[in-house]
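Comments concern the structure below.
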Amino acid sequence: MQERLEEIKQNTLSQLATASDLEQVKELRVKVLGKKGEITQVLRGMGSLSAEERPRVGQLANRLRQEVEAAIETKEKELEKQAMQQRLQEEKVDVTLPGVPRPLGAIHPLTAVIEQVEDIFIGMGFAVAEGPEVEQDYYNFEALNVPKDHPARDMQDTFYLTEDLLLRTQTSPVQIRTMRKKEGHVPIRIICPGTVYRRDDDDATHSHQFMQIEGLVVDRGVSMTELKGTLLAFVKQMFGEEQSIRLRPSYFPFTEPSVEVDIRCMKCNGGGCRICKETGWIEILGAGMVHPHVLRSSGYDEKRYTGFAFGIGVERVAMLKYGVDDIRHFYTNDLQFLRQFRSV
Ligand code: DAH
């Protein structure tokens, strides 16, 4: 019996020596020390031993069990350490490897212009408003003093979706939506950037889709002087302190009087060139005093309140500011063009 126990120990130790993973060691533990393990099997036979032999064999079996147990534990620790070493090795990061460069994106020039214009007007106390691109005929035309069959409808060739729904041709309908929301309260001081659509053939200066920034101020005693001062402050911040503006009489159905506003041509500095058609000036926006009809139809008493409005051409401003000569560049997603604006 003693020999059998010795044999079990030797077998176990030699198997342990060659074991290469934790699973094997676990199996070995069950096989030797488990409830139905080899040592237990041997001890079952103790009954056949003499009274003197029994305690001796019992002691021996216990010692052996402890030795085997210790050997197994040592092996387990060793294997665990090995596994950890291996994981550390496998998961090692080589910090000296060169990185994978990710190309840097750029803010689209139209977005950049809109953000700058917003900052300037927010600085003058304006809030930013929004309106839908699919608009009702009422907001896009009728409430803006352009009834059906009015000749002014020809100024803006329109994409109609139904008889009553269209793609807005201008951001001016947001004027009406804002006044209705304010329900006769003043002051109103908003700008609204957005996309507009017209049935134009695309060329270097026309696009069937483009962007405008609408402005509206309504309060007591709002005057043309304030309109001019506001626009001059905007132009100086946008294009430089030395810039000046020129107001020319014009016509828009929703303003009276109406003006078109020019800035000095930045190419020739006012001397006259191809870009400004030798005039020294370039138009960037339309504006005027809000027509009394428009105030009244939107719930404002035109005898108590006055207002001014303007509509800035975003592409126009971007073309002047960044020296872009074809409006189509803004919409064709040419990376060579767009990458130039990384620093803007
Ligand atoms: N909506 C006009 C257009 O698209 C631009 C404009 C002119 C807007 C005068 C205004 C304004 O608010 O007062 O041609």
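Values in this text are rule-based calculations from the coordinates and carry no lab data. Fair warning: this is a prediction, and the values are worked out from it, not measured in the lab. FYI the Cβ positions are ideal-geometry reconstructions off the backbone, even for glycines, and counts take in every protein chain you see.
Length gained on full extension, T111 to Y322, computed as 0.36 nm times the residue gap minus the Cα-Cα distance: 74.7 nm. Loop-located trypsin sites (Lys or Arg not before Pro) in the range 102-206 (DSSP state not H, G, I, E or B) with no more than 16 neighbouring Cβ atoms inside 10 Å: K148, R199.
By the count of neighbouring beta-carbon atoms within 10 Å, fewest first, C273, C192 end up ordered C273, C192. Couplings 3J(HN,Hα) for the range 253-260, derived from phi with the Karplus relation 6.51 cos²θ - 1.76 cosθ + 1.60 (θ = phi - 60°), are x, 9, 10, 7, x, 10, 9, 10 Hz, where x marks Gly and Pro. With an a/c value of 1.5 or above and a/b larger than b/c for the gyration tensor axes a ≥ b ≥ c computed over the alpha-carbon atoms, the range 2-90 is described as prolate.
For the pair L161 and R56, the difference between a 0.36 nm per residue extended length and the Cα-Cα distance amounts to 27.4 nm. Close amide H partners of G270, meaning residues 5 or more places away or on another chain with modelled amide H under 5 Å apart, are C265.
Do any trypsin sites (Lys or Arg not before Pro) in the range 201-236 lie in a DSSP loop with no more than 16 other beta carbon atoms within 10 Å, and if so, which?
Sites meeting the loop and neighbour criteria: R220.
Ellipticity at 222 nm from helices only: DSSP H runs of n ≥ 4 in the chain, each -39500 (n - 2.57), divided by the residue count, give -12500 deg cm²/dmol.
Size estimate for the chain follows the Kirkwood approach: the inverse of mean 1/r over distinct Cα pairs works out to 26.9 Å. The label point for C273 and the one for E226, both projected 7 Å from the Cα toward the Cβ, are 3.8 nm apart.
Here is what passes the span test in the chain: the DSSP H helices with alpha carbon length of 20 Å or more along the helix axis and a Kyte-Doolittle mean of 0.5 or above are 109-123, 224-239.
Once the chain from D301 to I122 is taken as fully extended at 0.36 nm per residue, the excess over their C-alpha distance is 61.8 nm.
Oblate is the label for the range 163-254. Its Cα gyration tensor axes, ordered a ≥ b ≥ c, give a/c of at least 1.5 and b/c at or above a/b. Look at the Cα gyration tensor of the range 254-340: its axes a ≥ b ≥ c give a/c of at least 1.5 with a/b at or below b/c, and that counts as oblate.
Near Q212, once Lys and Arg are set to +1 and Asp and Glu to -1 for all other residues with Cβ below 12 Å from its Cβ, the sum equals 0. Taking 4.7 Å between C-beta atoms as the pairing limit, the chain has these partnerless cysteines: C192.
Tell me, what is the FRET efficiency for H150 and K236 to the nearest 0.05, using R0 = 25 angstrom and their Cβ-Cβ distance as r? Using R0 = 25 Å, I get an efficiency of 0.10.
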